[in-house]
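One structure below.
The values are calculated or read from the model by the stated rules, or taken from the named source; none is laboratory data. These numbers come from a predicted model, not from an experiment. Glycine gets a Cβ as well: all are built from the backbone with ideal geometry, and neighbour counts include every protein chain shown. With ligands, DNA and RNA removed, areas are computed over all heavy atoms of the protein, side chains included. Shrake-Rupley method; radii C 1.70, N 1.55, O 1.52, S 1.80 Å.
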Amino acid sequence: MEYALIVLFGLTILYISATSRLEVYINCLFIQGMLLFLLILLTMHDADIPVLLLLILETLGLKAILVPWFLRYIIRSNHIYREAEASLPHFYSVVLTTMIFIFSFFVAWWSTRLPDTPETVYFGVSIAVVLNGLLIILTRHKIITHVMGFMIVENGTFLLSLAVAREMPLIVNLGILLDIFVAVFLLGIMVTRIRSTFEELDIDMLTTLKD
Amino acid sequence: MKILIPVFNILLIIFFPLLYAGVINCEKAWWCGRRGPSIWQPFYDFVRLLRKGAVISTATSPIFAIAPSITFSTMLIAALVVPLANNNSLIGFPGDFIFFAYLMGLGKFFSLLAAMDTGSSFEGMGASREITFSTFVEPAFFIVLASCAILTGQTAFNQVFSLIFLSPGIKVLSLLLCSAALFVMLLTEGCRTPVDDPNTHLELTMIHEVMVLDNSGPDLALLTYAHYLKMVLISAMIVNIFMPVLDNSLLSACLFSAGLILTALAVAVTELSVARLRMSHVPQFVYFMNSLGYILLFSIILIAFSGR
Amino acid sequence: MLQLLLSTPVVLSLLALAFRSKAFNKATLAFFAVFYFFCCLFLVVHPVPASSYFAVDGLNSIFLLLQSVVFLAALLYSIAFLTESGLTEEWQAYYTALMLLFAFCLTGLTLTTHLGLFWVFLEATTLVTTPFIFAEKKRTSLEAAWKYIFICSLGITFAFIGIILLSLGAKSVESLSFPDLYRQATEINSFWLSMAFVFLLVGFGTKAGLAPLHSWLPDAHSEAPPPVSALLSGALLNGALLGILRMLELMNRAGLGQYPRLLLICMGLMSLVICSVYTLKAVNYKRMLAYSSVEHIGIATLAFGVGGAAVLPGLLHLVGHSLAKASLFLSSGNIHHRYKTRDIAGVTGVLSSDPGTGRLWIAGFLMLSAFPPSPLFYSEFLLLKEMLVQRLYIPALMTALLLTLILLSMGSVVFRMAFGGNSSAKAEHSGYLFLIPQIILLAAAAAAGFIPSEFYAFLSRGVFL
């Protein structure tokens, strides 16, 4: 069950790479947050109450509800209904994503010969998700998609940190939570600002500053 | 009781394909609020076509004349190795899923040749599309079956499918990915909605329908029958993933038939809820099967063999 | 004492947001500048017992003292800046509050001994400084702010992956605080530690503006208000470098010192090359200063990479660069205020139109380009000597040549801006508050250069190896 959740988490990325609709991206972020939440309920049920509460807050509150809601609000308020064009055809995007999955699974498979490796499925999928988030940032033109790519990278690192059984102290976790929240919030505000200044939300507009 | 299962399977191969088509059409009509054709309409059509004579273009070579029969017969033989009710295939031997895939390929090869043989530009276009999608489906099919074989340690179709439900640890994951991949295959090979629209009347956007434009009479009947049989066989694989071997043959046969009807309903619901993809977006949908297959294969390797 | 230092800025920033009065903002800034300086000085002179997450040790006391001086100057300058800039009352309150929060984050960054908390504070500095950069709401400032927050946040995420990998390898270590890690350095799995170092170097290096990862730095520095540019260059880059230094020490203790050094040398040399290429065709003087920050951070990194006797010059270099560069950024604020342009071509005769600023501009440049008594003179000299001793001939030659090239091209720009122009125009002096901060900074830098031996003794408390 645990593995199924993790692989489903990976599949959301596959779906994102194949579609070009912003609503789908947001839905996938929501699904990712829910999957991480379920994963926590499955694996962390014997953790301390404060830690568990914090993790639930982070997955369900932040990743599943707050961020998708905020991104949707930004999309609505900025009238970004057009598709998120990619700079390469979706077919290649899917192929690349699949290759990244294969590569990450190979890395995870190879890492089993090292001491102290995390569980291979966690490790492989989280590498794949992080790399795919970067791929989305690299290949999509819309600024808002870059924010989503950033969230995907964050989700991937969160999965990786779940794989490492070690817990950070509570204060550090709180700080991390706050940082990510403020980062997304600021990025969202800036999307609105950029929209009102440039009247276009394309990353190609941001090329005035150069040498 | 045991002896009844092969008999049931033979009857299933003979009658079910047309019933399957009828169920899909009925279901679609019902969801749309139409009365629609009777569930037996494909049978009437089949009989009507058989009674007609075939018109064969003088521009074609003998290949056009024999291709429908070859396609039909290869599908029938392929049906022998696929596990049907109670995970029981009529014949079975190690590695028979390769036999199955290449028989399907042979039938497809001849129907492609026949389509090209007519010299019609529409049919050539349909053939080229069909073969493009097949190039993605075939390796994906092997990957999916190979991962199931790795998971169960068996190489015969019927044993793979009878054991996969019992595989420990990663059952949910493998069931999920396997059935998803095979469902994509069902939609692609069956030329159903996200890939192709069976109801379309525009030759430019057709895939399967356009390939059989020049066939008529018994030839068309055979081709249609083979097409539905292919869909039934793939659905049978999906159903068997979820079906353990039961002692009670009757119950198992009933469950299996119900499963097939369910997949038909699933196909109909997909057709109703999803719009046809743009032709340039179809390959990425079909490639999904490959992606699912690879992820399945590597997760199985990672989970089952990393010893963690 | 540590708690006081950390809590005061937060409380004051909340008060500034609550009151929103211009007089209160200025009073707060002035009070905090002096308070912060003396607090840090006290902490450095009288070490206090470490709390569970914060401590003053030999290494971070250097950074703490340095940033307290830079903050003193930048906050004093901010008072003048707020008076002249014509920001609305609301924005002035935001400015004050964010400045104080920035001080809080930087203090936490410098004082913390826990790797996770270090990450949190480093990311927080990005978030706190972003509003400064897009405050002007121009196209360019928005673009700069977007690049800044996006690239830095993404880089910091890599640092987080590094932390996760480190905690994989360090299962037997009690916690991820540096003292624990140092104590049990040899028990950490060397593969995971090496991987973690690469990721942390990418993450912290992004924030420090090391060469292949520096693309946000010139944009952000050129669009930020002058005091913020001074703080970014004079304190924030150092803070990120502190993380790299701490990791480097961990690698040394784990016996893996060789390959991180190679990485650092490569990155340092690359920074020098990038800067020299840009300054040849500089058009914007604030961008030129920003690239020069890339260069000097690169030199310091190079020094840490060379290691051995070059670590001390590296620290000295950071001190000298921060003070000189902060003063230059503040002076550039004066120039921008007068000429309303950031183009080099639009600025001539600063000396005649504004003698005070012009003199400080030249003095800052001389200090930055290592004319004695600049501490940079000693640091660059000692670095080159150590490179020759270690037989790193080609890097040493490259460093010397590139430094000369940068001096030449930057010098021509600075002197073209300072001299020439119409001397007939009436000279207008900037207000004292626009000049005193730079004088403080340059005096501090000169003091460090005049009493090298005492200063060396202080610095060598932080030297590892």
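Just add up the charged neighbours of C:Phe419: K/R +1, D/E -1, any other residue whose Cβ is under 15 Å from the Cβ of C:Phe419.
On the way: positive: C:Arg359, C:Arg416; negative: C:Asp354.
Counting the neighbours of C:Phe419, the net charge comes to +1.
Taking the solvent-accessible surface of protein heavy atoms with a 1.4 Å probe, what is the per residue accessible area of segment C:350-465 in Å²? Present the calculation step by step, with values, prior to reporting the outcome.
Values: 5850 Å² over 116 residues.
Per residue, segment C:350-465 has an accessible area of 50 Å².
With a 1.4 Å probe and every protein chain kept in, tell me what percent of the accessible surface of segment B:165-259 is carbon plus sulfur. Mind dumping the intermediate values first?
On the way: 2120 of 3120 Å².
With neighbouring chains kept in place, the figure for segment B:165-259 is 68 percent.
Sort C:354-365, C:46-57 by packing, meaning the average of other beta carbons within 10 Å per residue, with the highest value first.
On the way: C:354-365: 21.8, C:46-57: 15.0.
Per-residue mean Cβ counts within 10 Å order the peptides as C:354-365, C:46-57.
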**Prompt:** If one computes the Cα centroid of segment B:149-200 and of segment A:17-93, what distance in Å separates the two points?
**Reply:** 28 Å
**Request:** Go through segment A:197-211 and flag every residue whose accessible area shrinks by 20 Å² or more with all protein chains in place compared to the isolated chain (probe 1.4 Å).
**Result:** A:Thr197, A:Phe198, A:Leu206, A:Thr208, A:Leu209, A:Asp211
**Message:** Averaged over its residues, how many other protein chain Cβ atoms are within 10 Å of peptide C:176-182's Cβ atoms?
**Reply:** 1
**Request:** Could you work out how far helix B:62-81 tilts from the main Cα principal axis of chain B, as a 0 to 90 degree angle to the nearest 10?
**Result:** 20 degrees
**Fill in**
Residues hit by the 10 Å² burial cutoff in segment A:97-114, accessible area with a 1.4 Å probe, assembly against chain on its own, are A:Thr98, A:Phe101, A:Ile102, A:Phe105, A:Phe106, A:Trp109, A:Trp110, A:Thr112, A:Leu114
**Message:** Can you give me the % of accessible surface on segment A:2-205 that is carbon or sulfur? Probe 1.4 Å, all protein chains present, nothing else counted.
**Reply:** 69 percent
**Cα-based Rg and Dmax for chain C, where Dmax is the largest Cα-Cα distance (Å)** = 21.0, 73
**For C:His114, residues with placed amide H under 5 Å, excluding near neighbours** = C:Phe178
**Complete:** Note: C:Ile439 to C:Ser460 extended length (0.36 nm per residue) minus current alpha-carbon separation gives 4.9 nm
**Prompt:** What is the ratio of the Cα radius of gyration of segment C:40-197 to 2.2 N^0.38 Å, where N is its residue count, to two decimals?
**Reply:** 1.25
**Message:** In Å and on Cα atoms, what radius of gyration and Dmax does segment A:2-205 show?
**Reply:** 17.1, 53
**Request:** Give the distance, in whole Å, between the Cα centre of segment C:52-66 and the Cα centre of segment B:206-240.
**Result:** 77 Å
**Prompt:** Pairing the Cα long axis of helix B:171-189 with the longest principal axis of chain B, what angle in degrees results, from 0 to 90 and rounded to the nearest 10?
**Reply:** 10 degrees
**Prompt:** What does the charge add up to near C:Pro437, with Lys and Arg as +1, Asp and Glu as -1, over the other residues with Cβ less than 15 Å from its Cβ?
**Reply:** +2
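For segment B:4-305, calculate the relative contact order in percent as a whole number, restricting contacts to Cα pairs under 8 Å that are 6 or more residues apart.
Once normalised by length, the contact order is 30 percent.
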**Fill in**
Rounded to the nearest 100 Å², the accessible area buried between B and A, both sides, probe 1.4 Å, is 2300 Å²
**Asked** Per residue, how many Å² of accessible area does segment B:4-305 show with a 1.4 Å probe?
**Response** 40 Å²
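Using a 10 Å cut-off around each Cβ of peptide C:142-154, what is the average number of partner chain Cβ atoms that fall inside? Numbers along the way, then the final one.
Numbers: counts 9, 9, 3, 4, 10, 2, 0, 5, 12, 0, 1, 10, 9.
Per residue, the number of nearby Cβ atoms from other chains is 6 on average.
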**Request:** Enter the mean number of other protein chain beta carbons within 10 Å of the beta carbon of each residue in A:123-136, as an integer.
**Result:** 2
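Of the heavy-atom accessible surface of chain C (probe 1.4 angstrom), what whole percent is carbon and sulfur? The partial results should precede the final answer.
Details: 10540 of 15060 Å².
Summing carbon and sulfur atoms, their accessible area is 70 percent of the total for chain C.
Once the other residues with Cβ under 13 Å from the Cβ of C:Leu272 are scored (Lys, Arg +1; Asp, Glu -1), what is the net sum? Intermediate values should be presented prior to the final figure.
Numbers: positive: none; negative: C:Glu295, C:Glu380.
Counting the neighbours of C:Leu272, the net charge comes to -2.
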**Inter-label distance, nm, simple model (7 Å from Cα along the C-beta direction), B:Leu50/B:Ser73** = 1.8 nm
**Request:** Compute from the Cα atoms of chain B the Rg and the Dmax, the latter being the longest Cα-Cα distance, and quote both in angstrom.
**Result:** 19.3, 66
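If Rh is defined by the Kirkwood formula over all Cα pairs and Rg also comes from Cα, what ratio Rg/Rh do you get for the protein assembly as shown? Walk me through the numbers on the way to the answer.
Working: Rg = 34.9 Å, Rh = 32.0 Å.
Across the protein assembly as shown, the Cα-based Rg/Rh ratio is 1.09.
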**Asked** Roughly speaking, what % of Cα-Cα pairs in segment C:112-258 are separated by over 28 Å, rounded to a whole number?
**Response** 23 percent
**Asked** What are the ³J(HN,Hα) values, in whole Hz, obtained from phi via the Karplus relation 6.51 cos²θ - 1.76 cosθ + 1.60 with θ = phi - 60°, for each residue of segment C:266-276 in sequence order, with x given for Gly and Pro?
**Response** 4, 5, x, 5, 5, 4, 4, 4, 4, 5, 5
**Item:** Rounded accessible area of C:Glu84 (nearest 10 Å², 1.4 Å probe)
**Value:** 100 Å²
**Asked** In degrees, nearest 10, range 0 to 90: what is the angle between the Cα axis of helix B:217-241 and the longest Cα principal axis of chain B?
**Response** 20 degrees
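Find the sum over both chains of the accessible area lost when A and C are paired, probe 1.4 Å, and report it in Å² to the nearest 100. It would help to have the intermediate numbers written out before the result.
Details: alone 11530 and 17160 Å², together 24410 Å².
For A against C, buried area totals roughly 4300 Å².
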**Request:** Could you tell me which of the pairs A:Lys63/C:Lys207; A:Lys63/C:Lys325; C:Lys147/C:Lys325; B:Lys2/B:Lys52 are separated by over 29 angstrom between their Cα atoms in the structure shown?
**Result:** A:Lys63/C:Lys325; B:Lys2/B:Lys52
**Request:** Express in whole angstrom the spacing between the alpha-carbon centres of segment C:9-27 and segment C:347-426.
**Result:** 39 Å
**Asked** Given the options A:Phe181, A:Phe30, A:Phe91, which has the most mean-square fluctuation in a GNM of chain A, springs set between C-alpha atoms less than 10 angstrom apart?
**Response** A:Phe91
**Item:** Backbone HN-Hα couplings from phi across segment B:112-120 [Karplus 6.51/-1.76/1.60, Hz, Gly and Pro as x]
**Value:** 5, 4, 5, 5, 5, 5, 5, x, 7
**Complete:** dims of segment A:85-211, Cα set, principal axes, largest to smallest, nearest Å -> 52, 42, 27
**Asked** Given that compact globular proteins tend to follow 2.2 N^0.38 Å, what is the ratio of the alpha-carbon Rg of segment C:257-465 to that value?
**Response** 1.06
